[in-house]
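Just passing along the structure, written as structure tokens.
The values are calculated or read from the model by the stated rules, or taken from the named source; none is laboratory data. What you see is a predicted model; the values in this text were computed from it and never measured. Heads up, the Cβs are rebuilt from the backbone with ideal geometry, glycines too, and the neighbour counts pull from every protein chain shown. For accessibility, only protein heavy atoms count, side chains too; no ligands or nucleic acids. Shrake-Rupley method; radii C 1.70, N 1.55, O 1.52, S 1.80 Å.
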Amino acid sequence: MLSATRTHLARWIDRYFYVRISTKITLLYAAILFFVLILSTAILGIGAYIYFYRQAEVDLDRSIQHVMSNIETGNATEAKFWFEGPVIPGVIVRITDSSGRIVLDTDNHFPSIERIEQGRITTPIWANPDMEVSEFQGGAVYHARRYVEYGGIPYQIHFFRTITTEKDFFSSLQRLIFYTVAICFVLALLAGHFISRRILKPIREFTWTARSIEVERLGRRLDVPRARDELSELARTFNRMLDRLQEGFSQQQRFVSDASHELRTPLTVILGYSDMLSRWGREDKSILDEGITAIRSEAENMQQLIEKLLFLARADQKRQAVNKEPVDLAELLADTMEKMQTVTISHEVTLGRNDPVTVSADPVLLRQLLRIFLENSVKYTPPGGHIHAYSIRSNDGGSVTVTLTDDGIGIAPEHQARIFDRFYRVDSSRTKETGGSGLGLSIARWIAERHNIKISLRSEVDEGTTVILTIPTIHE
């Protein structure tokens, strides 16, 4: 029950929360852009904020130093000093006695000390801890005080620096940055969506083309973009895959068709003879013997064909075992040729030079490889013909060349490239009359590939055929 619920939930999520890649790219791009904009504007805002407030602190600090140094030297006792601008413009000085009465004020319109004290706030972390910050309606100020004594009377010197203009500018800057970020974000979102859709347009076209490709329409291919980028490489790779699929499917169709044809003939013969035996074979011994012989022959042909088909099926599925071991090739070749001489009475089978070498191979498969070529020589060489084999080790000892020759009917040049294809026959001579199914050479090629054996072929019509096998050896 729980598993079914999870499956239903997963399907519901896949159905209603399907998001295109272009949308994902746009959202990711928007998220990154939003983070970058927020981070950059935050840094810009904080930097501007600190800069303006720092400038106010510098003006205030310089004014304090100037006034205090003149007080220490005695220049501040003259009224002329205070009226000639003792501080940087924008800084206001106010002196009060111990009772709070204002003794000197450089700006009578500036808010009172009481009002400034009432608007005092906690000093921000970026402000000078020796200064106070006050905010009230219509303004904000930096406030610093110093204590002096003159004529035995204590005085307080208050220094004020307005930061109202800076705060207003910063507020305006914040609004401007906010609106700019919002507009840029929306424009970037739209641009990202447009660009992502344009970039991914070839992929959508690939998808539409791939959906339209079916078994009956494997000839269609993707259009490769002109730009040499990942998409063009994807299109070329996909087209190569379709080429391999089409070739494999065509081979499969030919294989099924040829296998059906090969099996239909012996089955037809068997059914025909069975019908004949059921009618006349019980009374006529000659018909009975003929029928039994024909049925047995066709059954043996079917058995060999099925064995070859099973071999190739295991090979295609990579389940055909190859058990390699050190093999004395000279001994194996001599034994194979001896058995061919025993079973072949209509041809002259001879073995010439046979160099002793050791190869790494599956002895059963290697013997089968040699027998396939030798049996083909017997089938397509007229009676009385010659079949000869010999092996020669290379000068460096890295390989051995096994040559199998006959003086049979030969193979025309236009057919030589396809003789290893399954069920391929050169002409009418390669029919059931000679017992060929067109699978032996396909098996031989597979065995050769698994043993790194190079196959070379030389043949002329009515001049015979020479098969050259170059086999790697084991260095002793």
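Considering only residues of region 248-297 that are assigned to a helix (DSSP H, G or I), charged (D, E, K, R) and modelled with pLDDT under 75, which is nearest to Glu307 (Cα to Cα)? First the steps, then the outcome.
Of the residues in region 248-297, the ones assigned to a helix (DSSP H, G or I) are 248-281, 285-297.
Filter once more, keeping what is charged (D, E, K, R): 254, 258, 262, 264, 275, 279, 285, 289-290, 296.
After this cut, where a residue has to be modelled with pLDDT under 75 as well, the list is 254, 258, 262, 264.
Numbers: Arg254: 18, Asp258: 15, Glu262: 13, Arg264: 16 Å.
Residue satisfying both the conditions and the ranking: Glu262.
When region 372-413 is examined, which residues are found to be open to solvent by 20 Å² or more (accessible area, probe 1.4 Å) and at positive phi?
Across region 372-413, the qualifying residue is only Gly384.
For Val103, state whether it is modelled with pLDDT of 80 or more and either over 30 Å from Gly152 (Cβ atoms) or in a loop (DSSP other than H, G, I, E, B) (or both).
Working: modelled with pLDDT of 80 or more: yes; either over 30 Å from Gly152 (Cβ atoms) or in a loop (DSSP other than H, G, I, E, B) (or both): no.
It is false that Val103 is modelled with pLDDT of 80 or more and either over 30 Å from Gly152 (Cβ atoms) or in a loop (DSSP other than H, G, I, E, B) (or both).
So in region 282-305, with the set limited to residues that are in contact (Cβ under 8 Å) with a residue 24 or more places away in the chain and open to solvent by less than 70 Å² (accessible area, probe 1.4 Å), which one is nearest to Gln368 (Cα to Cα)?
Residues of region 282-305 that are in contact (Cβ under 8 Å) with a residue 24 or more places away in the chain, as a first pass: 294-295, 298-299, 301-302, 304-305.
Then keep just the ones that are open to solvent by less than 70 Å² (accessible area, probe 1.4 Å); that gives 294-295, 298-299, 301-302, 305.
Working: Ala294: 27, Ile295: 26, Glu298: 22, Ala299: 21, Asn301: 17, Met302: 19, Leu305: 15 Å.
Once the filter is applied, the top-ranked residue is Leu305.
Taking only region 316-357 into account, find how many residues are crowded, with 16+ Cβ neighbours inside 10 Å, among the β-branched types (Val, Ile, Thr) and outside any loop (DSSP other than H, G, I, E, B).
Of the residues in that region, 3 qualify.
Residues checked against (1) modelled with pLDDT under 70; (2) over 30 Å from Thr162 (Cβ atoms):
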position: Leu9; (1), (2): yes, yes
position: Trp12; (1), (2): yes, yes
position: Tyr16; (1), (2): yes, yes
position: Thr26; (1), (2): no, yes
position: Ile32; (1), (2): no, yes
position: Ile38; (1), (2): no, yes
position: Leu44; (1), (2): no, no
position: Gln65; (1), (2): no, no
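One residue is enough: does region 346-354 have a residue meeting the conditions farther than 18 Å from Ala448 by Cα, under 54 Å from the mean Cα position of the chain (by Cα) and without any contact (Cβ under 8 Å) to a residue 12 or more places away in the chain? Lay out the reasoning, then the answer.
So the first thing to find is which residues in region 346-354 are farther than 18 Å from Ala448 by Cα, and the list is 346-354.
If we keep only those that are under 54 Å from the mean Cα position of the chain (by Cα) as well, we get 353-354.
When the remaining residues are screened for being without any contact (Cβ under 8 Å) to a residue 12 or more places away in the chain, the result is none.
Checked region 346-354: no residue is farther than 18 Å from Ala448 by Cα, under 54 Å from the mean Cα position of the chain (by Cα) and without any contact (Cβ under 8 Å) to a residue 12 or more places away in the chain.
Out of curiosity, is Arg161 outside any helix (DSSP H, G or I), charged (D, E, K, R) and either in contact with an Asp or Glu (Cβ under 6 Å, 6 or more places away or on another chain) or modelled with pLDDT of 75 or more (or both)?
yes
Quick one: which residue in Glu117, Glu149 is modelled with pLDDT of 80 or more and assigned to a helix (DSSP H, G or I)? Steps first, answer last, please.
Working: Glu149 fails: assigned to a helix (DSSP H, G or I).
So the residue among Glu117, Glu149 that is modelled with pLDDT of 80 or more and assigned to a helix (DSSP H, G or I) is Glu117.
I would also like to ask the following. In region 308-360, which residues are of a type in the set (Asp, Glu) and at pLDDT below 80?
The initial filter retains those residues of region 308-360 that are of a type in the set (Asp, Glu), namely 316, 325, 328, 331, 335, 338, 348, 355.
If the condition is that a residue be of a type in the set (Asp, Glu) and at pLDDT below 80, then Asp316 is the only one that fits.
Let me ask something additional. Considering only region 27-75, how many residues are in contact with a Gly (Cβ under 8 Å, 6 or more places away or on another chain) and exposed (fewer than 15 other Cβ atoms within 10 Å of the Cβ)?
Residues meeting the conditions: 0.
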